[in-house]
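Working notes, structure below.
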Amino acid sequence: MKPMPFGWLTSILLTLLTCCSAAVTRAEEPAIPDSPETQQRPTLSLKEAIDAALRYSPELASLHAEELAGDARVQQAGLWPNPEVGLTLEHFGGSGDYEGFNQAETTLAVAQPIELGGEPAQRRRVAVLGRRRLDDQVEVRRLAIIADVHKRFLKSLLAQERRDLSAEMESLSADALRTVEGRVRTGAAAATESGQGRIHLGRARMELQRADREIIATRRQLAAMWGETEPSFTTVGNLEDIVPPPPLPDLLARLERNPELTRWDIEVERRTANVNLERAKRIPEVTVAAGARHYSDNDDFAAVVDFSVPLPLFDRNQGGVAEAEQLLVKARADRDIARLQVRSELLAAYDELQTQFERISILGVEVLADAKAARTEILAAYRRGTTHSIDVLAAQRVLVELQGEYFQALADYHTALVEVERLTAMPMSEGTVQ
């Protein structure tokens, strides 16, 4: 009995496995953003707040990891199927001449599936478009984070302005009470006016305390955007720098830059590529194998070639093609829905922007000037003894309330401006909130 010729087979198989093992590399672990370093700063600018939020955003870190995964999918999608190594041993272990391995035939062959429909290129096209879609998703989240930071920044600004107004009201009420008490001591005013003054002063102090708590809350909400538990800043910028709304046609023309819309364009393109991929799968995959056969009886070798192709009698991927075509129709409809929704949101934000801009113009130029003049006249009349202290307090409260309304209009203007910027992906507020 001849020994089975395993030596040369073992050598070849070990060589192939060694080469395959050497090609496998360890995936690099994704980088994790550093923890935010607390840096004390007296005044926080909007740019500093946005930069910190973008740098330490866990959402963007997650999307970055997804982008790297998309790069890997692109790499994987264009690869051909791996070849297969097969070993076949025949005509052994029988009876008579076929006892043992005397008549054994040993075949070692390598088989390679060949995709005739061009599936690797189509798969890579689908993966590339999916990767581009991820870029738009990142941009959507980035703009959303900027808008969120901007809104929280505005809330903190507004709370800061309200606190200043409350402090001013408390100071005015205290001055008015001192004036009233002086007139009461001289007999120029009734004692009841002193009580009314103390009531107004008490209310002003309660408003001041509420404003102090609101400042702490809004600053914590803002600092939470970059992971700070306690704010490292003491003040934020100012509200009063504004720009007129740009023409609506210019904004509508820029609407196509919105990543919410561009990502749907890419999705339609990706769905189209997926239809082509499913259609390519209808072409059968051919498998070609080639190798060598060893004959144990005479120690000869011979070449072996094998060719196989499935017959597409039942499965012609008709269901996959139909599904891909309907998903393409859905993507086109979703793109139209998104375009209508974004356009509607832009029109609403633009109307609000115009309304608040006109409101600011009227309040800042006309109403506040008249209220300040009225307070000055009433205060002078009270000192002459021709009016009552309640009129002075009422004039002061009206002035402070109008100032509060003015700052609220400024905040609403900036909020609408942020929404317009998000929808058009066009920065218009650079320099408006510092």
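What the table shows:
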{"item": "Qualifying residue in the stretch 320-337 (condition: among the aliphatic types (A, V, I, L, M), touching a His at 6+ places or on another chain (Cβ under 9 Å) and exposed (fewer than 13 other Cβ atoms within 10 Å of the Cβ))", "result": "no"}
{"item": "Per-region count, the stretch 135-174, residues over 30 Å from residue 270 (Cβ atoms) and in contact (Cβ under 8 Å) with a residue 12 or more places away in the chain", "result": "24"}
{"item": "Test result for residue 138, surrounded by 21 or more Cβ atoms within 10 Å (Cβ to Cβ), modelled with pLDDT of 85 or more and of a type in the set (A, V, I, L, M)", "result": "no"}
{"item": "Set 204, 191: member being closer than 23 Å to residue 378 by Cβ, aliphatic (A, V, I, L, M) and surrounded by fewer than 20 Cβ atoms within 10 Å (Cβ to Cβ)", "result": "191"}
{"item": "Matching option when the condition is modelled with pLDDT of 85 or more and in a helix (DSSP H, G or I), among 401, 352, 377, 366", "result": "352"}
{"item": "Residue match in the stretch 281-303 (condition: within 37 Å of the chain's Cα centre (by Cα), part of a helix (DSSP H, G or I) and of a type in the set (D, E, K, R))", "result": "no"}
{"item": "Any chance residue 144 is at pLDDT below 90 and either in contact with a Lys or Arg (Cβ under 7 Å, 6 or more places away or on another chain) or not acidic (Asp, Glu) (or both)", "result": "yes"}
{"item": "Qualifying residue in the stretch 205-219 (condition: among the basic types (Lys, Arg), in a helix (DSSP H, G or I), under 15 Å from residue 397 (Cβ atoms) and modelled with pLDDT of 85 or more)", "result": "yes"}
{"item": "Members of the stretch 145-183 found to be of a type in the set (Asp, Glu) and in contact with a Ser or Thr (Cβ under 6 Å, 6 or more places away or on another chain), listed by number", "result": "181"}
{"item": "Candidate set from the stretch 208-246 (those that are without any contact (Cβ under 8 Å) to a residue 60 or more places away in the chain and closer than 22 Å to residue 143 by Cα); member that is surrounded by the most Cβ atoms within 10 Å (Cβ to Cβ)", "result": "223"}
{"item": "Residue that is surrounded by fewer than 16 Cβ atoms within 10 Å (Cβ to Cβ) and either among the acidic types (Asp, Glu) or closer than 27 Å to residue 198 by Cα (or both), where the choices are 366, 345, 352, 419", "result": "366"}
{"item": "Residue tally, condition closer than 30 Å to residue 355 by Cβ, of a type in the set (A, V, I, L, M) and in a helix (DSSP H, G or I), over the stretch 220-255", "result": "7"}
{"item": "Subset of the stretch 87-129 [more than 30 Å from residue 277 (Cβ to Cβ), part of a helix (DSSP H, G or I) and of a type in the set (Asp, Glu)]", "result": "97"}
{"item": "Only listed residue being over 30 Å from residue 98 (Cα atoms) and at pLDDT below 90, chosen from 263, 270", "result": "263"}
{"item": "Qualifying residue in the stretch 107-122 (condition: within 30 Å of residue 257 (Cα to Cα), within 47 Å of the chain's Cα centre (by Cα) and crowded, with 17+ Cβ neighbours inside 10 Å)", "result": "yes"}
{"item": "Any chance residue 379 is closer than 30 Å to residue 150 by Cβ, assigned by TED's automatic domain parsing to the domain that holds residue 170 and either out of contact with any Phe, Trp or Tyr (no Cβ under 7 Å at 6 or more places or on another chain) or buried (at least 16 other Cβ atoms within 10 Å of the Cβ) (or both)", "result": "no"}
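The values are calculated or read from the model by the stated rules, or taken from the named source; none is laboratory data. Worth saying up front: this structure is predicted, and the values here are computed from it rather than measured. So basically every Cβ, Gly included, is an ideal-geometry build from the backbone, and we count neighbours across all protein chains shown.
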